[in-house]
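Chemist: Here it is, the structure in full.
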């Protein structure tokens with residue numbers, strides 16, 4: 001193997017091939033700490049042609065490759081096993097071009113998401129992909145998992161924001177599909193095979209992404225209510241009142257806020273009373289004096305009168321809006337201190353969100369009394385993070401040993417409602433059993449056929465996505 005690594009080093013520089021355990025460590029553990037890689041080496045190319053040469057050599061030597069960007073994935077999609085290399089793209093972090101007139105930005109796969117957002121703002125443009133890890137996640141990983149986030153309701157997932165791709169295929173060839181066309185009806189949509197494939201079909205090295213006009217007026221409200229079933233009607237009213245200029249509609253259970261208040265010192269309850277459920281809603285416009293403030297006040301006033309909600313607070317300044325959003329992010333931090341957590345990233349039809357939460361909650365509590373349901377997420381697009389914290393009187397290891405059983409309980413409810421067990425986090429290795437159980441034989445056969453066509457020797461991220 002030393003000869004193999006020396007050959008790679010001659011291409012990208014010996015210092016860019018890490019094989020010492022201490023040097024490799026930052027790349028080996030996944031974000032949730034559930035998995036740890038056992039890689040042969042970390043390989044850090046700095047250009048697309050270097051990636052292509054490395055892949056060509058790996059194909060020749062039958063060495064498997066695990067593509068990795070910011071290593072912020074939540075399903076073990078960038079975890080390597082013995083004898084595999086991790087090909088990390090963090091050195092490929094250039095913004096290649098911005099075209100404000102065409103509303104596009106071309107970025108390399110190693111660009112940090114927040115840096116792309118900032119580069120767009122400097123040109124008075126807006127890139128809407130936004131998620132909690134945006135200060136460290138990289139666009140290559142966002143595309144590989146078809147990331148969602150806070151603005152899917154209005155702008156769509158990562159796939160919807162992608163016009164073109166550059167990728168290195170498993171044989172080492174480079175596909176230059178970096179076109180910035182809105183319409184291109186010339187055969188199969190190859191980019192959409194790669195987006196969401198988690199590196200199993202090729203390595204995305206750059207992308208042309210859609211930009212939008214900047215928001216110049218934004219209004220944020222925090223709402224409290226007790227009847228979960230009212231959520232769907234509230235969403236419909238807000239969409240209509242805003243003229244579909246609603247960017248976010250985030251549902252939050254009281255349990256989630258209790259965790260946040262308990263463990264994050266800067267979090268403050270917007271209300272004097274406790275409610276069972278909350279919604280964080282945001283209206284935004286690309287023009288001043290849009291009338292959205294009045295529209296928000298009117299729809300919330302009517303919703304109070306009709307008993308859809310029991311309380312509402314609209315931001316009076318930017319710092320208050322940031323405080324509302326801080327609460328949303330503090331949920332994730334607060335839950336870390338409440339012991340082991342079984343996390344589910346599911347989606348159902350929007351109208352079925354209350355039904356799912358009720359049925360899944362009842363089912364898991366029937367199996368294990370004391371589970372604390374921390375349900376929150378993007379109710380505006382039907383994506384709920386149904387996280388289950390361990391009972392306070394139970395050992396963490398004992399609780400985690402029930403993961404497969406609890407997952408089946410939750411996902412059975414999802415499946416009965418025609419939903420998906422993975423909405424925005426991907427499959428990786430964590431959800432392979434769910435793929436076996438809930439994907440039809442026809443779907444799996446189609447995906448395996450595509451994988452075989454692209455990667456007949458199975459060197460690209462083997463053991464991920466496809467069981």
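Chemist: Could you order peptides 248-254, 231-237 by the average number of other Cβ atoms within 10 Å of their residues, highest first?
Modeler: Those peptides, ordered most packed to least, come out 248-254, 231-237.
Chemist: What 222 nm value per residue comes from the helices of the chain, counting each DSSP H run with n ≥ 4 as -39,500 (n - 2.57) and dividing by all residues, nearest 500 deg cm²/dmol?
Modeler: -10500 deg cm²/dmol
Chemist: Give me the percent relative contact order of the chain, please, defined on Cα pairs under 8 angstrom at least 6 residues apart.
Modeler: Normalised by residue count, the contact order of the chain is 16 percent.
Chemist: Can you sort 337, 212, 421 so the residue with the fewest Cβ neighbours within 10 Å comes first?
Modeler: Arranged by neighbour count, lowest to highest, 337, 212, 421 become 337, 212, 421.
Chemist: For 446, 246, what's the fewest-to-most ordering of other Cβ within 10 Å of each Cβ?
Modeler: Exposure proxy ranking, most exposed first: 446, 246.
Chemist: Report the Cα centroid-to-centroid distance between region 86-104 and region 149-226 in angstrom, as an integer.
Modeler: Cα centres, region 86-104 to region 149-226: 13 Å.
Chemist: Return a whole-number percent for the relative contact order of region 1-76, with Cα pairs under 8 Å and 6 or more residues apart as the contact set.
Modeler: Relative contact order for region 1-76 comes out at 33 percent.
Chemist: Using 7 Å Cα-to-Cβ label points, what is the residue 326/residue 287 separation (nm, one decimal)?
Modeler: The two pseudo-label positions are separated by 3.5 nm.
Chemist: May I ask you to compute the full-extension gain from residue 416 to residue 216, defined as 0.36 nm times their residue separation minus their alpha-carbon distance, rounded to one decimal in nm?
Modeler: Once the chain is fully extended between residue 416 and residue 216, it gains 67.8 nm.
Chemist: How high is the relative contact order of region 362-467, in percent, counting Cα pairs under 8 Å that sit 6 or more residues apart?
Modeler: Value for region 362-467: 20 percent.
Chemist: Can you pull the one-decimal nm distance between simple spin-label points at residue 237 and residue 185, each 7 Å off the Cα toward Cβ?
Modeler: About 4.2 nm, to one decimal.
Chemist: Can you put 130, 2 in order of Cβ neighbours within 10 angstrom, beginning with the fewest?
Modeler: 2, 130
Chemist: Quickly work out the residue 95-to-residue 306 label distance, labels modelled 7 Å from Cα along the C-beta direction, and quote it in nm with one decimal.
Modeler: Those two pseudo-labels are separated by 4.3 nm.
Chemist: For region 247-321 and region 400-467, compute the distance between their C-alpha centroids and round to whole Å.
Modeler: Comparing the Cα centres of region 247-321 and region 400-467, I get a distance of 36 Å.
Chemist: Same structure again: Report the gain in length on full extension from residue 271 to residue 404: 0.36 nm times residue separation, minus Cα-Cα distance, nm rounded to one decimal.
Modeler: Roughly 44.1 nm would be gained on extension.
Chemist: Using R₀ = 22 Å, calculate the FRET efficiency as 1/(1 + (r/R₀)^6) where r is the Cβ-Cβ separation of residue 2 and residue 25; round to 0.05.
Modeler: Once rounded, the FRET efficiency stands at 0.60.
Chemist: Would you mind calculating the gained length between residue 450 and residue 175 on full extension (0.36 nm times residue separation, minus the Cα-Cα distance), in nm to one decimal?
Modeler: 97.3 nm
Read the figures in this text as sums done on the coordinates, not as results from a lab. What you see is a predicted model; the values in this text were computed from it and never measured. As a convention, Cβ positions derive from the backbone with ideal geometry for all residues, glycine included, and neighbour counts pool all protein chains shown.
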